[in-house]
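The values are calculated or read from the model by the stated rules, or taken from the named source; none is laboratory data. As the structure is a prediction and not an experimental result, all values here were calculated from the model. Virtual Cβ from ideal backbone geometry, glycine too; neighbours counted across all protein chains shown. To get the accessible areas, we keep the full protein, side chains included, count just its heavy atoms, and leave off ligands, DNA and RNA. Shrake-Rupley method; radii C 1.70, N 1.55, O 1.52, S 1.80 Å.
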Amino acid sequence: MFGIPEPWWSVIRAVVWALFIIIFLAVNAIVAVWLERKVSGRIQRRIGPQRVGRPIGWAQTIADVFKLLVKEDVRAEATDKWVFLLAPAIPFAAITLMFLVVPWGKNLIPLNLNIGLLFVVAVTSFEVLGLFMAGWGSNNKWALLGAMRTAAAMISYELPMVLAILAVGMTAGSLNMNDVVNAQSRVPFILIQPVAFLIYYIASLAEANRTPFDFTEAESELVAGANIEYSGLRWAFFFLAEYGSLVGTSAIAATLFLGGWRGPILPGPVWFLIKTYLLVYVAMWIRWTLPRVRIDQLLDFGWKFLLPLALADIAVTGIVLALL
Amino acid sequence: MKVADIGKAAVNIAKGLGVTFGEQLKKPITNFYPDTPATVKDGYRGVPVLVQLPTGEFTCTACMACVRACPIGIIQLDTVMVDRKRAMDEFRLEVGRCLQCNLCVESCNFDALVMAPEFELASYTREPLVLYKNDLAKLYAKYFWPKEGEEHHFPARVTSKHHAPGAGTGTPRGPRAAKIAQTGVTLTPGGGGGEPAGKTPVGASVPAESAREATGTTRPQDTGAQKAGEGA
Amino acid sequence: MGKAERASALEASIKEQFPGVATEVTPRGELVARVSPGEYLDFCRYLRDQQGFKFLSMITAVDYPPDRFELVLYLDAYGATSDAPAMQVMDTRTRQEIGQRSEGLLTSQGTPVMVAATVASVIVKCDVPHDAPVIPSVTSLWPTANWHEREVYDLMGIKFEGHPDLRRILLPDWFPGHPLRKDFTSKPALREPEARPWPVIWPDQKDGRESGE
Amino acid sequence: MPDNLRSTPITMPDEGARELVVNMGPQHPSTHGVLRVKITLNGETLEAADPDIGYLHRCFEKIAEGITYPQVMPYTDRTDYVAAITDEWAYALAAERLLGVEVPERAEYIRVIMGEVQRLLSHLIWFGSFAMDMGAVTPFLYAWRERETGYDFMETVTGTRQLYNFLRIGGVRNDIDDDGWQALDRFLKAMDQALIEYDTLFTKNPIFEVRAKGIGPLSAEEAIAFGASGPVLRGSGVARDLRRDEPYSVYDRLDFAVPVGSSGDAYDRYLVRMLEMEQSLRIIRQAIKQIPPGDIQGKVPKAMKPTGEAYARVEAPKGEVACYLVGNGTVNPYRMHWRSPCFTHLQLLPHWAPGNLVADMVVLIGTIDIILGEVDR
């Protein structure tokens, strides 16, 4: 195409998509943080940021990022050097990889894998590695506690999430993200698979460490959880990764259950963003209403309730598909 | 966990979400203090200031009652003999340590002290937190001096509710009353010019200069000119 | 019969049990009992077990130089009395008012609501000599006495024998002297501890810092 | 840099695994002030908790021996700075009993109104921070919204928002004028809606119920043995309220119900405090109707030089606050001891700690509603 020999063309295409995803994640983190502060403000009858970027404070997060850029990136003497230094990169890498298979439009998909869903699950599972490295690396008792909790919570919520995705895969008949979106042309899967949507959404709240399951930085208990010893840009990466995973899981939920980029008049990507940010808004709304669950109750809920429910859901889907 | 429990739990969570959603639609209740002036209630206890006669003379008779009444002893008073009677020469008040407990105002038998609703007391150094007679006079002028056209009256609170219980008689009592009578000022109890509006927006009434400049610190040596007895 | 009659009835029973105890009834119906350090612990055990004084409100000490400290305990006996002021009791779970307090009340969950009007209150006083300020601890009788006694030890300097964990509670360990004593100068020579790194604390190591005494 | 801290490699101690000793405080988001709890952890479960207090100790009892009787009043606000009126009330009652001063009717009613508004404000702060300890940040902001209307009323009447120095020995400082009554009506209306809103938002929330039920069990006998009082005692099923059992002021003329829990856990203590708020509104409304005209300051001797001793107890929002006052005929009190409920309730932490999780330690601290100004005095 365009007179560029084949190997070079796909390299350029990959570089462009990679840059787009990384820039999208950076911009989205800024927008999500601003949105969170505005939504929490409105819920708590206050205004939220309005000093930087006068009327609605749109430049507030940009100012924060510059502040974090300038802040000193402290590494304590007694930390485990390389584990501490590499920890922030892993969650961020996990989320960028997750966006590889998310379709943006008609044939706007960075990587059209025919096992897209499996790839998504595989990639999000090593996000917990980064948080555990942070907890262990910073040689701080509170951080270690936070890391242990995060590991337990995230692993135990992988299973219901995977099973919910499996249910969607079964109804769509394929694991390819494009096929899933096309299968929802007439009816979005949320109507066909409401239970799977609920399970997936609750599990994604635990994945993204959102209240009522926010264990990484449970302020009132562990002071600041795994990323307590970080400061400056390194801490910003963790923050970026947290909001990235929130938007990431919402994007996948939108693709799987709300019909991804399909929508009446507006172009594909716009619909995709609207649906994603709708789910992000719901996550923020839940965060500023519900209290936090204790770690053992979380694990009980995950193993003893969500998992059996997910298995039952798959069974029912199987039977229904068999009968059709 | 029976199914009924889960149903009830889901309904309760939904109701909780409903409450927060409802709150979102209401108007925020933030008041933008540094931009818009903060309104302070009429009887707000900020800084005890010296009451002044229309002639600028302080009604304080240097009887040291407030010095004894203060639990932490932050009021110092130097006296000087003026025609064989003790008169107040310099009044020093460490506002930084003041508890704002109003005991000094209540202990004063001559209603010479009153609480000004001043709350912008922050300063970069410890120095401006020590107020002298002239600083207090500026504060008094800022809050209690009658506006143009109004005839002189004492701050309403000297006569009304926030004074010593049952003691607010309206006009300064004791030897000062005779002296005041000579100046021909009619002192109607309860404030002739009517009580200052209940919710005086503190920042707005004072033109541009903020309270901090108004109480620029003047050490005793600065007020050399004043030494030769009061204005009258 | 009112609180004052119950106080004098109590006074009578104390007289024959502990003749050495001087008692008088205050106008507010509280019984003041002055006991010697020797019988202090037995008297307290008697009050708690026989006379039902289960609630210890406070323990404090007053310094009367030069010779004695006066240890003061305030004890309450709870229970249902005929003249107890009526109280409308509400059950938290069902949010309904479940009737007057005078008769024995049962909440809907079946656990009885304990009736706790003040039957009688006793002020136990004990003089502790200035030179040997030691007295047996009552923590075994009332668990709440633990910190109260630690505070009296910390601020007044009276040692309590048999106290499970007698160390300073409010002041740092190196603080010289006991502030609430009348002979305590208001500006003691405070000795700042020399700056030393905080050693790693393992549970069996005694609290990781050398305690003052 | 001291040499032995140069680089402490992370090595596990040789004799096998040991518990983790962690300092929770004195700077910790949910210790409600400068409280340090040395907790020993085995993984996530607590093995022991040793509260270390004294960071806010000002020796209020020594200060009181240096100043005159009226001058002690502003200091009493600084013990439980969230419920200042009830602290002043305890001291005023003790001094009045010592001096034999008669308090006029109207002053008693004003004290009851201010005391009950103070109980509402104190419970609002407790409710806000208790919810925030559990992770729900919004109820704290809503509780603060109500407190603002309460502050308006307090500022209109007393002149300050929190440390009032409003009571005097023998009466109160000044009367409530019509600005005050209007501000009080606004506060009562705001509180009525607020209590309904908190109910749906937090009390009925299943996550809260799961996190609060069964935490910090306290039987009736244990509660009395540990010297518990106020909501902590009533949560364990002991019907004891000083406003009824030793009626001071005009409480015997006001009818109100006393909420009493049954199972003595954090959930019941929470319900006791929430229902107490409703009862306080009921008391205030009755007091507004019954308040007689008259003066607000009884006859007080010119120089206060009492002899003898007095022990006055008051039902403060946190529990039984009491002031033991000894006078020896001089101008200054000879000895003053401040009985603080939070100091006594803090002893329950080591009693409850073993077996709970770190997240429960936060709930345990919240359920006894401690204020460090009162614990350390």
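Computed over protein heavy atoms with a 1.4 Å probe, the accessible surface of the protein assembly as shown works out to 39 Å² per residue. Toward the positive end of the charge dipole of the range A:73-323, with +1 on the Cβ of Lys and Arg and -1 on the Cβ of Asp and Glu, the farthest Cα among A:VAL121, A:PHE215, A:ALA315 is that of A:ALA315.
Three principal axis extents describe the C-alpha atoms of the range A:73-323; from largest down they are 61, 38, 31 Å. Projected label points at A:LYS71 and A:ILE155, each 7 Å from Cα along the beta carbon direction, are separated by 3.1 nanometres. Rg and Dmax over the alpha-carbon atoms of the range D:59-344 stand at 19.0, 59 Å. Hydrophobic long helices, here whole DSSP H runs in chain D with Kyte-Doolittle means of at least 0.0 and Cα atoms spread over 15 Å or more along the helix axis, are found at D:84-99, D:105-133.
For A:ARG186 and A:LEU129, what is the calculated FRET efficiency with R₀ set at 45 Å and r taken between the beta-carbons, to the nearest 0.05?
Calculated value: 0.65.
Report summary: the helix-based calculation at 222 nm, which adds -39500 (n - 2.57) for every DSSP H run with n ≥ 4 and divides by the residues of chain D, gives -14000 deg cm²/dmol.
Take each of the peptides C:164-176, D:194-206, average the number of other beta-carbon atoms within 10 Å over its residues, and list them starting from the highest.
Peptide ranking by packing, descending: D:194-206, C:164-176.
Local charge for A:ILE199 was computed over the other residues whose Cβ lies under 13 Å away, with Lys and Arg +1 and Asp and Glu -1, and equals -3. Pairwise inverse Cα distances across the range A:225-293, averaged and inverted, put the Kirkwood hydrodynamic radius at 13.8 Å. Relative to the 2.2 N^0.38 Å rule of thumb, the range A:276-324 has a C-alpha radius of gyration ratio of 1.65.
What quantity of accessible surface, computed with a 1.4 Å probe and excluding non-protein components, is buried in total between chains B and D, in Å² to the nearest 100?
Using a 1.4 Å probe on protein heavy atoms, the buried area is about 2500 Å².
Counting only residues at least eight positions apart within a chain, or on another chain, the lysines with an alpha carbon under 26 Å from that of D:LYS318 are C:LYS54, D:LYS38, D:LYS62, D:LYS189, D:LYS204, D:LYS213. Taking a straight line from the alpha carbon of B:LYS138, these lysines sit under 25 Å away, with near neighbours fewer than eight places off in the same chain left out: B:LYS41, B:LYS147, B:LYS161, B:LYS179, B:LYS199, B:LYS227.
If a spin label sat at a point 7 angstrom from the Cα of B:THR39 along the line to its beta carbon, the backbone N atoms of the range D:155-175 nearer than 14 Å would be those of D:156. Highest mean first, the peptides A:258-267, A:273-282, D:84-93, B:99-108 sorted by other C-beta atoms within 10 Å per residue fall in the order D:84-93, B:99-108, A:273-282, A:258-267. The accessible surface of chain D, taken with every protein chain in place and a 1.4 Å probe, is 57 percent carbon and sulfur.
Relative to its residue count, the range A:98-177 spans a Cα convex hull of 88 Å³ per residue. Counting Cβ atoms of other protein chains within 10 Å of each residue's Cβ and taking the mean over peptide D:152-161 gives 5. Scanning residues 5 or more positions from C:ALA33 or on other chains, those with amide H under 5 Å from its amide H are C:ILE123, C:VAL124, C:LYS125, with H placed 1.01 Å from N in the peptide plane.
A plus D alone minus the pair: what accessible area, both sides summed, probe 1.4 Å, in Å² to 100? The A and D chains share an interface burying roughly 2800 Å². Across peptide D:326-334, the mean count of Cβ atoms from other chains lying within 10 Å of each residue's own Cβ comes to 1.
Placing +1 on each Lys and Arg Cβ and -1 on each Asp and Glu Cβ, with no other charges, gives chain A a dipole about its Cα centre of roughly 1040 debye.
Mean per-residue shielding of peptide D:168-175 is 4, counting Cβ atoms of other chains within 10 Å of each Cβ.
Round to the nearest 0.05 the FRET efficiency obtained for B:VAL67 and D:GLU222 when R0 = 60 Å and r is the Cβ-Cβ distance. Mind dumping the intermediate values first?
Numbers: r = 52 Å, r/R0 = 0.87.
My answer for the efficiency is 0.70.
Among D:277-286, A:154-163, the peptide with the highest mean count of other Cβ atoms within 10 Å heads the list, and the full ranking is A:154-163, D:277-286. Taking each residue as 0.36 nm, the span from A:ASP300 to A:ILE62 lengthens on full extension beyond its C-alpha to C-alpha distance by 81.7 nm. Multiplying the residue separation of A:ALA18 and A:LYS81 by 0.36 nm and subtracting their alpha-carbon distance yields 19.8 nm. With the charge dipole of the protein assembly as shown set up from +1 on Lys and Arg Cβ and -1 on Asp and Glu Cβ about the Cα centre, the Cα lying farthest toward the positive end among the listed residues C:GLY52, A:LEU85, C:PRO65 is that of A:LEU85. Partners of A:LYS67 within straight-line reach, counting aspartates and glutamates whose Cα lies under 20 Å from its Cα and excluding those fewer than 8 residues away in the same chain: A:GLU36, A:GLU229, A:GLU242. The contact between chain D and chain C removes approximately 5700 Å² from the accessible area (both sides summed; 1.4 Å probe; ligands, DNA and RNA excluded). Placing +1 on each Lys and Arg Cβ and -1 on each Asp and Glu Cβ, with no other charges, gives the protein assembly as shown a dipole about its Cα centre of roughly 2400 debye.
Grab the beta carbon distance between C:LYS159 and D:TYR81, set R0 = 41 Å, and tell me the FRET efficiency rounded to 0.05. Plugging the Cβ-Cβ distance into 1/(1 + (r/R0)^6) gives 0.80.
When all alpha carbon pairs of the protein assembly as shown are counted in 10 Å bins from zero, the resulting P(r) reads 2, 9, 15, 19, 18, 16, 11, 6, 3, 1, 0, 0 %. Ellipsoid fit via the Cα gyration tensor, the range D:135-239: semi-axes of 33, 23, 11 Å, each the root of five times an eigenvalue, largest first.
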